[in-house]
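Novice: The structure that follows is given in the form of C-alpha cells.
Each reported figure results from applying straightforward, stated rules to the coordinates on display, with no laboratory input. The structure presented is a predicted model; accordingly, all values stated were derived computationally and were not measured. Heads up, the Cβs are rebuilt from the backbone with ideal geometry, glycines too, and the neighbour counts pull from every protein chain shown.
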Amino acid sequence: MIPQRDTKINKLKHGLYVVSTPIGNLKDITLRAIEVLQQSDYILCEDTRVSKKLLDKYNIKSKVISNHKFNERKNVEKIVEILSSKKIVSIISDAGTPGISDPGRIIINQCINNNINVYPIPGASAVNTAISISGFSEKYFFYGFFPEKTKNLKEDLNILSNLNCSIVFFISPNKINKSIESIKNFFSDRKILICREISKFYEEYIRTNVNELKLFAKTPKGELTIVLSEKDMQKNVSKDLNESDKKNIKKMIKILSIKDIINLINQNKSISKKEVYNYCLKLKN
C-alpha cells in the first residue's frame, strides 16, 4: 500500500530544485529532500537506474528524465519549456549535489537566464564530509576531478601547492596510482586523508604523510575523495641558535634538563635538536 501524502506538507513554489542525495547510505537523505522529490512533476536523474533505488525506497512516483553530461545541453530547451509552464522540476545526481563535479550547471544557468527560480535543497556532500573528519584546516579549496591530460594536471598542482589551506580532490579509482607521483612531487610537506566508499558498508579512511604514500596493490572500488592538509608552517623559523637563544640556555642549564631546554627552545622555532643538545653539553663541560 502506498502511503498517502501528508496534507500538511507545504505546497512548493514552481521552479527548479537542486536536491542533494546520499553519497552512500540511502538513509542520509533529508526529510525535506524526500518531500520535494515527492511533489516534483519531473525529476532529472544523472542515471535513472541508480536513482530508481532511492526513489523506490521512499515511494517517490514522480516522472523521471535522464539528464547526464552527454545529453544535458540537448535537454536544456525541453526543461526550460517545462519550467516555464509553472511546473516543479527537481534535479539529482547519482550521489551528492548536482553541479558539484556532476551535471546541473548548464541547466541552472539557463534557468537563471530565463528568470526561472532555482532553489537549493542541501544534504550530503563528500567534500564537507571528508573535511569534517580530516583534522585539517577548515579553510579549504575544492578542486574536483583531476583533468585527463598530465600537462594540465601538473600546471594546476603547481598553482595549488602554493595555497596554505586544505585542498580537496576527487579521483577515479583507475587514476589514483597514476596520480600519486604528482601528489608527492607537489605536496611533500603535507598530510593526506584518502576517503573510500564514504558512508557505505566497506568505507575506509587512510591517513598518512604524503611522503609515505604508497601505490594501491589493487584498484580500489569507488571514487576517492582526497584531502591534503594545509602547509606545515612554523613561526620564526631559524636553523641556527642566535645569541639570544644561547643566553637563555645559559640561564636554563642550571635548573632544567637538556630535554626540557630543547622542548622550550623549539616551541616557537625550528632549530635542530642536535644543535641545542650539543650547545648544552658544551656548557656543562
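Novice: Calculate the FRET efficiency for TYR58 and ILE112 from the Cβ-Cβ distance with a Förster distance of 30 Å, rounded to the nearest 0.05. Before the final figure, lay out each step's value.
Specialist: On the way: r = 29 Å, r/R0 = 0.97.
The value I calculate is 0.55.
Novice: Using 0.36 nm per residue of separation minus the Cα-Cα distance, give me the extension gain between LYS78 and ILE133 in nm, one decimal.
Specialist: Full extension of this stretch gives 15.7 nm more.
Novice: Here are some values of P(r) over Cα pairs in 5 Å bins from 0, in percent: (1) 1, 6, 12, 15, 18, 16, 13, 9, 6, 3, 1, 0, 0, 0; (2) 1, 5, 9, 12, 13, 14, 13, 11, 9, 7, 4, 2, 1, 0, 0, 0; (3) 1, 5, 10, 12, 12, 11, 10, 9, 8, 5, 4, 3, 3, 3, 3, 1, 0, 0, 0. Which one was computed from this structure?
Specialist: (3)
Novice: With runs of 4+ DSSP H residues as the only contributors, calculate the mean residue ellipticity of the chain at 222 nm using -39,500 (n - 2.57) per run, divided by the residue total and rounded to the nearest 500. Before the final figure, lay out the partial values.
Specialist: Working: 10 runs with 102 residues, N = 285.
That calculation yields -10500 deg cm²/dmol at 222 nm.
Novice: Lys/Arg Cβ at +1, Asp/Glu Cβ at -1, dipole of the chain taken about the Cα centre: which of VAL19, PHE201, LEU264 is farthest positive-ward?
Specialist: Positive-most Cα among the choices belongs to LEU264.
Novice: Using the structure shown, list the pairs from LYS13/LYS57; LYS52/LYS218; LYS63/LYS139 with a Cα-Cα distance above 28 Å, or answer none.
Specialist: Working: LYS13/LYS57 25 Å; LYS52/LYS218 30 Å; LYS63/LYS139 40 Å.
Violating the 28 Å limit, Cα to Cα: LYS52/LYS218; LYS63/LYS139.
Novice: I would also like to ask the following. On a C-alpha basis, how far is the centre of segment 140-187 from the centre of segment 71-125 in Å? Whole number, if you could?
Specialist: 28
Novice: Oh, and also: Pop a pseudo-label 7 angstrom from the Cα along the beta-carbon direction at both GLU181 and ASN162 and give the gap in nm to one decimal.
Specialist: Here the answer is 2.5 nm between the modelled labels.
Novice: So, one more: Taking only C-alpha pairs under 8 Å that are 6+ residues apart, what is the relative contact order of the chain in percent? Intermediate results must be reported in sequence, preceding the final value.
Specialist: Details: 452 pairs, mean separation 46.5, N = 285.
For the chain, the relative contact order is 16 percent.
Novice: Report the relative contact order of segment 90-193, percent, no decimals, based on alpha-carbon pairs under 8 angstrom and at least 6 residues apart. Don't jump to the answer; show the numbers that get you there.
Specialist: Working: 71 pairs, mean separation 23.2, N = 104.
22 percent.
Novice: If you don't mind, another one. Can you figure out the FRET efficiency of PHE70 with LYS274, using R₀ = 45 Å and their beta-carbon distance, to the nearest 0.05?
Specialist: Details: r = 60 Å, r/R0 = 1.34.
Using R0 = 45 Å, I get an efficiency of 0.15.
Novice: Okay, next question. Over segment 131-253, what relative contact order in percent results from Cα pairs under 8 Å that are six or more residues apart? Intermediate values should be presented prior to the final figure.
Specialist: Numbers: 169 pairs, mean separation 35.4, N = 123.
This gives 29 percent for segment 131-253.
Novice: Using the alpha carbons of segment 153-198, what is the convex hull volume per residue in cubic angstrom, as a whole number? Display every interim value, and only then the final one.
Specialist: On the way: hull volume 3.8 nm³, N = 46.
Dividing the Cα hull volume of segment 153-198 by its residues yields 82 Å³.
Novice: Then there is this: Given a Förster radius of 30 Å and the C-beta distance between THR150 and LYS221 as r, what FRET efficiency does 1/(1 + (r/R0)^6) yield to the nearest 0.05?
Specialist: Working: r = 24 Å, r/R0 = 0.81.
Plugging the Cβ-Cβ distance into 1/(1 + (r/R0)^6) gives 0.75.
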